[in-house]
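One structure below.
The values are calculated or read from the model by the stated rules, or taken from the named source; none is laboratory data. Here the structure is a predicted model, which is why all the values come from computation and not from measurement. Glycine gets a Cβ as well: all are built from the backbone with ideal geometry, and neighbour counts include every protein chain shown. Surface areas here come from the heavy atoms of the whole protein model, side chains and all, with no ligands, DNA or RNA. Shrake-Rupley method; radii C 1.70, N 1.55, O 1.52, S 1.80 Å.
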Amino acid sequence: MILNTVWADIYYTFLVACCGYAIFRGSRSEYIGATIMIAGSLSTLAVGRLFGTSWTGVEVGIFAIDIVALIAFIHLALISDRFWPIWATAFHLLAVTIQTAILVAPQITPWAFATGAAFWAYPMLLALAIGSYERAPLTPNCEIDSR
């Protein structure tokens, strides 16, 4: 149980750092992306605490949250002028695909299922942070010298 707590602490620290950075440095696309990630993570936490998660089969509540988040990321990728939402959407699609795989192959071990589904959140957050970094200069009103 302590291992789950440590990994959860690492994830939520990474979530706060990346989303906080996106909110601090980003624009509208980064704000929306950070909101989707925070809402999805907190909703998953609430559903997991409320109903419990055994990771031996499809967790219907968590799967529904991930589908809604996927739809939100697809919409963001379509309306945004930024490139990172495409990467975040692709990473999240992989997570949803892993959850769908348990429907087809229920013999997948719970450990492989749980880690495979959770792994793709880290590249999503990293895409958000990189997109935020590339969005704006560190100092406002910074001009490039053309000499």
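Among the residues of the stretch 96-124, the one identified as in contact (Cβ under 8 Å) with a residue 24 or more places away in the chain, surrounded by 13 or more Cβ atoms within 10 Å (Cβ to Cβ) and touching a Gly at 6+ places or on another chain (Cβ under 8 Å) is 102.
In the stretch 125-136, the qualifying residues are those that are among the small types (Gly, Ala, Ser) and assigned to a helix (DSSP H, G or I), and the one that is surrounded by the most Cβ atoms within 10 Å (Cβ to Cβ) is 132. Against the conditions (1) under 11 Å from the mean Cα position of the chain (by Cα); (2) within 17 Å of residue 131 (Cβ to Cβ); (3) at pLDDT below 95, residue 15 satisfies every one except (3). Within the stretch 52-79, restricting attention to residues that are assigned to a loop (DSSP other than H, G, I, E, B) and at negative phi, the residue that is surrounded by the fewest Cβ atoms within 10 Å (Cβ to Cβ) is 54.
For residue 89, indicate whether it is over 26 Å from residue 135 (Cα atoms), polar (S, T, N, Q) and either over 13 Å from the mean Cα position of the chain (by Cα) or buried (at least 19 other Cβ atoms within 10 Å of the Cβ) (or both).
Working: over 26 Å from residue 135 (Cα atoms): no; polar (S, T, N, Q): yes; either over 13 Å from the mean Cα position of the chain (by Cα) or buried (at least 19 other Cβ atoms within 10 Å of the Cβ) (or both): yes.
When the stated conditions are applied, residue 89 does not pass them.
Of the residues screened, residue 77 is one that is of a type in the set (Gly, Ala, Ser) and modelled with pLDDT of 80 or more.
Is it true that residue 20 is open to solvent by less than 60 Å² (accessible area, probe 1.4 Å), at pLDDT 95 or above and either farther than 16 Å from residue 118 by Cβ or within 13 Å of the chain's Cα centre (by Cα) (or both)?
Numbers: open to solvent by less than 60 Å² (accessible area, probe 1.4 Å): yes; at pLDDT 95 or above: yes; either farther than 16 Å from residue 118 by Cβ or within 13 Å of the chain's Cα centre (by Cα) (or both): yes.
Yes, satisfied.
None of 28, 49 is open to solvent by 70 Å² or more (accessible area, probe 1.4 Å), over 14 Å from the mean Cα position of the chain (by Cα) and under 23 Å from residue 135 (Cα atoms) except 28.
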